[in-house]
Amino acid sequence: MLKVLGDILRAVDSGAFAALALLNLSAAFDTVDHVTLLQQLRISYGLGSRVHVWFQSYLSGRFQFAAVAEARRLQLS
């Protein structure tokens with residue numbers, strides 16, 4: 001993080017344009033079946049066992065939920 005900040009500050013100090021884009025990919029992993037994803041990573045992309053275990057650990061125990069507020073009744077006059 002400090003390296004990125006330093007690079008941005010050096011670019012700005014020298015008059016160059018600096019931009020930073022951050023992506024949150026955690027939600028993307030919730031849209032596919034984890035077993036299928038892990039198989040494809042291993043078979044199609046040759047994912048090694050150590051990296052496969054890391055991905056499996058990251059994907060296990062992830063839950064998706066939605067909270068819905070209690071509906072209020074509106075009285076129309």
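The values are calculated or read from the model by the stated rules, or taken from the named source; none is laboratory data. Being a predicted model, the structure only gives us computed values, none of them experimental. Cβ placement follows ideal geometry from the backbone for every residue including glycine, while neighbour counts extend to all protein chains displayed.
Details
- Selection status of Leu22, at pLDDT below 85, under 16 Å from the mean Cα position of the chain (by Cα), of a type outside the set (Gly, Ala, Ser) and loosely packed, with under 10 Cβ neighbours inside 10 Å: yes
- For the range 33-56, the set of residues classified as outside any helix (DSSP H, G or I) and either surrounded by 12 or more Cβ atoms within 10 Å (Cβ to Cβ) or charged (D, E, K, R) (or both) consists of Asp33, Leu47, listed by residue number.
- Answer from Phe65, Phe29, Phe55 - the residue that is modelled with pLDDT under 75, of a type in the set (A, V, I, L, M, F, W, C) and touching a helix residue (DSSP H, G or I) at 6+ places or on another chain (Cβ under 7 Å): Phe29
- Exactly one residue among Ala27, Ala16 is loosely packed, with under 10 Cβ neighbours inside 10 Å, of a type in the set (Gly, Ala, Ser) and not in a helix (DSSP H, G or I), and that residue is Ala16.
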